[in-house]
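Reading through the structure tokens given below for one structure.
The values are calculated or read from the model by the stated rules, or taken from the named source; none is laboratory data. Keep in mind that this is a model prediction, so the values were computed, not measured. Neighbour counts are summed over all protein chains in view; Cβ atoms, including those assigned to glycine, are modelled from backbone coordinates with ideal geometry.
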Amino acid sequence: MHPLPIVFLLFVLSAPARADIIRIPVGQQGHVETTMPSRGDSKNQVLNNFGLADEEHPAVGQPPITRWDYREFSVYFEGNRVINSVLHHQRIRPVQREMQ
């Protein structure tokens, strides 16, 4: 057997598999209509606008960071002020996929 077909066969078998890469920017994930607390809001403003949290985690670290978990998002506080609000990952159910 000639060495050229063997080299060619090894090259073909060792070629990487091709796959599509789907990238979804973080800003496009989730529902657009979900409103969340804004940076700088006080705890009282969050309570007035969104009600009691489903779960409140105690302060951790220095400066103390507190997290309040709501059904669709979590709110992080430094002291009495919001430093970030994060939307929870929402799985799309098969019924919702058919509607989209």
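Which one is farthest from the chain's Cα centre (by Cα) among residues in the range 57-76 that are surrounded by 13 or more Cβ atoms within 10 Å (Cβ to Cβ) and in a loop (DSSP other than H, G, I, E, B)? Walk me through how you get there before you give the answer.
Our first condition is that a residue be surrounded by 13 or more Cβ atoms within 10 Å (Cβ to Cβ); within the range 57-76, this holds for 57, 59, 65-70, 72-76.
Among the residues that remain, those that are also in a loop (DSSP other than H, G, I, E, B) are: 70, 72.
Values: Tyr70: 15, Glu72: 11 Å.
Only one residue fits best here, namely Tyr70.
Looking only at residues in the range 13-41 that are within 16 Å of Tyr70 (Cα to Cα) and polar (S, T, N, Q), which one is modelled with the highest pLDDT?
Ser38
Somewhere in the range 77-94, is a residue at pLDDT below 70, surrounded by fewer than 10 Cβ atoms within 10 Å (Cβ to Cβ) and either part of a helix (DSSP H, G or I) or small (Gly, Ala, Ser) (or both)?
Checked the range 77-94: at least one residue is at pLDDT below 70, surrounded by fewer than 10 Cβ atoms within 10 Å (Cβ to Cβ) and either part of a helix (DSSP H, G or I) or small (Gly, Ala, Ser) (or both).
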